[in-house]
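Below is one structure, written out as structure tokens; comments come after it.
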Amino acid sequence: MSKNNNTRQQQRSTFRNYQYLFIAAAVATAIAGIVHLYMPLSHPRMLGNLPIAVFFLGSGIAQIFWILPMIKKWGRRWYYIGIAGNIAFIVLYVITRFPGNPVNGRGGDVDAIDMICELAQVAYISITAVILAKERSIKIVDKEQLR
């Protein structure tokens, strides 16, 4: 019984040690969301193009919303969806930098604000991947204890 209690305490300690990752992932998605919300305001011509403005506002709201699944630890499904969404945003960004692209037909410029957003998205993906790996290793330890 004492060995079982020690193992559970170690698991709790390990779990506490990576709690900061949930906060870091939430901050990363918040930064990307804020940048997406800022984009239509910083580029007045975007406001004239309703589909693009709606895209940026919608993606910003989605990324701000994604703070909740991270802080509240909603689970693996939510983390995978967040990773997939951010990968999609990155792929879309890269595609729209090339001339003649299928999205808008012209290559976009790259600026510092874009890089902040892209780096925040990469950070979210990386941090969330670490969370998933740590949760998986904790669950494996739990399974070994049941034997």
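Things to note:
- Expressed as a whole percent, the accessible surface of region 54-107 that belongs to carbon and sulfur atoms is 75, based on a 1.4 Å probe.
- In the context of the full set of protein chains, residues of region 43-120 present 62 Å² of accessible surface per residue (probe radius 1.4 Å, heavy atoms only).
- Solvent exposure ordering (accessible area, 1.4 Å, most first) of F22, F89, F55, F98: F98, F55, F89, F22
- Net lengthening on full extension, V110/L92 (0.36 nm per residue, minus Cα-Cα): 5.1 nm
- Centre-to-centre separation between the Cα atoms of region 32-64 and those of region 70-84: 23 Å.
- Among R77, R136, the sequence by solvent-accessible area, most first, with a 1.4 Å probe is R77, R136.
The values are calculated or read from the model by the stated rules, or taken from the named source; none is laboratory data. Keep in mind the model is a prediction, meaning the values are calculated, not measured. Just the protein is used for accessible areas: all its heavy atoms, side chains included, with ligands, DNA and RNA removed. Shrake-Rupley method; radii C 1.70, N 1.55, O 1.52, S 1.80 Å.
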